[in-house]
Amino acid sequence: MGTNPDASGSAPPSVPFRTAVVGAGLAGLSCAQLLREAGHEPCLFEKSRGPSGRAATRRGDGWACDHGAQYFTADDPGFAAQVRRWCEAGVAAEWTPRLEVFGEAPDARRRDVPTRRFVGLPGMTAPARWMAAAHQVELCHTIDALRRDHGAWRLRSREQGWSRQAFDAVLLAMPAPQAAVLLQGVHEEMARRAASADMQPCWSVMAVYDVDPQPRFDAAFVNQSVLSWVCAEHRKPGRGGTPCWVLHAQAAWSREHLEAPPEQVIEALLQAFQGLGARAMPRHAVAHRWRYARGTLADAPPALWDPSSGLGVCGDWLCGGRIEGAWRSGQALARALELQPPRRSACLAAG
Ligand SMILES: Cc1cc2nc3c(=O)[nH]c(=O)nc-3n(C[C@H](O)[C@H](O)[C@H](O)COP(=O)(O)OP(=O)(O)OC[C@H]3O[C@@H](n4cnc5c(N)ncnc54)[C@H](O)[C@@H]3O)c2cc1C
């Protein structure tokens, strides 16, 4: 992980508080970044072996593939400034694909709408890895319980048991259904909100070829098909290597085939790709099921924060979905903590 200049230059607050951020995706990292800039001490807990969550890259023998988030856009000025910092640091770049649209788009998605798209460099995990370098991140920690003791929070991880550290606040930065499970019996109102978010699945197939099967376009939105999106991963900026295409299934199809064997999913998606003109079969294909790929919660604030209990929640689903929404939700939660700080527990204030 490289040196992250975002980590420096902050003025310490009069009373720094210790915060546990559970989930090192872009929402959690964005929240931790702003807390740190304000002089606090966030500590991140992440169940995977690396940060970045659904902005994910899978690597194989000579190939690499972003099998989760494909690219990001930046409409919000704050997020646009963050994207500029990523680009200057060499962990993101603008992507100008030759885009195709198949079928009639229900949301009138058109080729002539000018949209600036960016990708992580050399993969979609790069921006999050760069941000994570500024923080204490406890990897391979699956948090499965929260407990409040004498006004301070402790976390239990499946791998390590109860944390020795105590925290003034716990911030959950993960898909809504996973947050709902942790909040049950801890904060019923937040648990109810998280449980009511609509999160859709997505089957993703990574197909590795000896010869590029489709040189005519770099990526395509696909409507009225099993597929929703296909993309030549090896042609994104900074990639190269063995031809590799990612194929994403429609949400409704993914839901219907959630428990289908991966071979069946691979076959269905490859067949649909052939329908778009793919001229070869891959030498290797692997499927990944995203149970909670994308989601939103209607009429929700961009983050949930209860200063009296010291519990907060952020994530893409609270802020319109997507990477930009995740980043903005994390910022909103950190700002809420600044405005209404958590009550300091007696033991933490003393220590
Ligand atoms: C197939 C697919 C395609 C997508 N395409 C795009 C796209 O093109 N553009 C776009 O902008 N967005 C896209 N998205 C959405 C984008 O990936 C998300 O909006 C964004 O990455 C969400 O960030 P987050 O931090 O809110 O959540 P996540 O990235 O899910 O991060 C949550 C983190 O919490 C961790 N975690 C969960 N539970 C626990 C626990 N109990 N203990 C510890 N850690 C835990 C997870 O491992 C994860 O790292 C796509 C997503 C998918 C799946």
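The values are calculated or read from the model by the stated rules, or taken from the named source; none is laboratory data. Keep in mind it's a predicted model, so treat the numbers as computed, not measured. A quick note on method: Cβ atoms are made from the backbone with ideal geometry, for glycine too, and the neighbour counts reach across all protein chains shown.
Of everything in the range 325-343 that is in contact with a strand residue (DSSP E or B) (Cβ under 6 Å, 6 or more places away or on another chain) and not in a loop (DSSP other than H, G, I, E, B), the residue that is farthest from the ligand (Cβ to nearest atom) is A336.
The set of residues in the range 27-63 that are within 8 Å of the ligand (Cβ to nearest atom), under 17 Å from L182 (Cβ atoms) and either modelled with pLDDT under 95 or not in a loop (DSSP other than H, G, I, E, B) (or both) comprises A27, G28, F45. Residues that are acidic (D, E) and within 13 Å of the ligand (Cβ to nearest atom) within the range 115-158 comprise E138, D144, listed in sequence order. Out of the residues in the range 294-308 meeting the condition of being closer than 15 Å to M174 by Cα and not hydrophobic (A, V, I, L, M, F, W, C), tell me which one is farthest from the ligand (Cβ to nearest atom). Among residues in the range 294-308 that are closer than 15 Å to M174 by Cα and not hydrophobic (A, V, I, L, M, F, W, C), the one farthest from the ligand (Cβ to nearest atom) is P302. Among the residues making up the range 209-241, those that are buried (at least 18 other Cβ atoms within 10 Å of the Cβ) and of a type in the set (V, I, T) are V222, V226, V230. Got at least one residue in the range 309-324 being of a type in the set (D, E), in a helix (DSSP H, G or I) and touching a helix residue (DSSP H, G or I) at 6+ places or on another chain (Cβ under 8 Å)? Yes; the residues of the range 309-324 include at least one that is of a type in the set (D, E), in a helix (DSSP H, G or I) and touching a helix residue (DSSP H, G or I) at 6+ places or on another chain (Cβ under 8 Å). Given (1) surrounded by 23 or more Cβ atoms within 10 Å (Cβ to Cβ); (2) away from the ligand (no atom under 11 Å from the Cβ), identify the lone condition not met by G161. Unmet condition: (1). In a residue-by-residue description of the range 65-86, the property of being more than 23 Å from L139 (Cα to Cα), within 11 Å of the ligand (Cβ to nearest atom), within 18 Å of the chain's Cα centre (by Cα) and not in a loop (DSSP other than H, G, I, E, B) applies to at least one position.
Please verify whether the range 168-181 includes one or more residues that are more than 11 Å from the ligand (Cβ to nearest atom) and surrounded by fewer than 15 Cβ atoms within 10 Å (Cβ to Cβ). Looking for residues that are more than 11 Å from the ligand (Cβ to nearest atom) and surrounded by fewer than 15 Cβ atoms within 10 Å (Cβ to Cβ), one finds none in the range 168-181, hence no.
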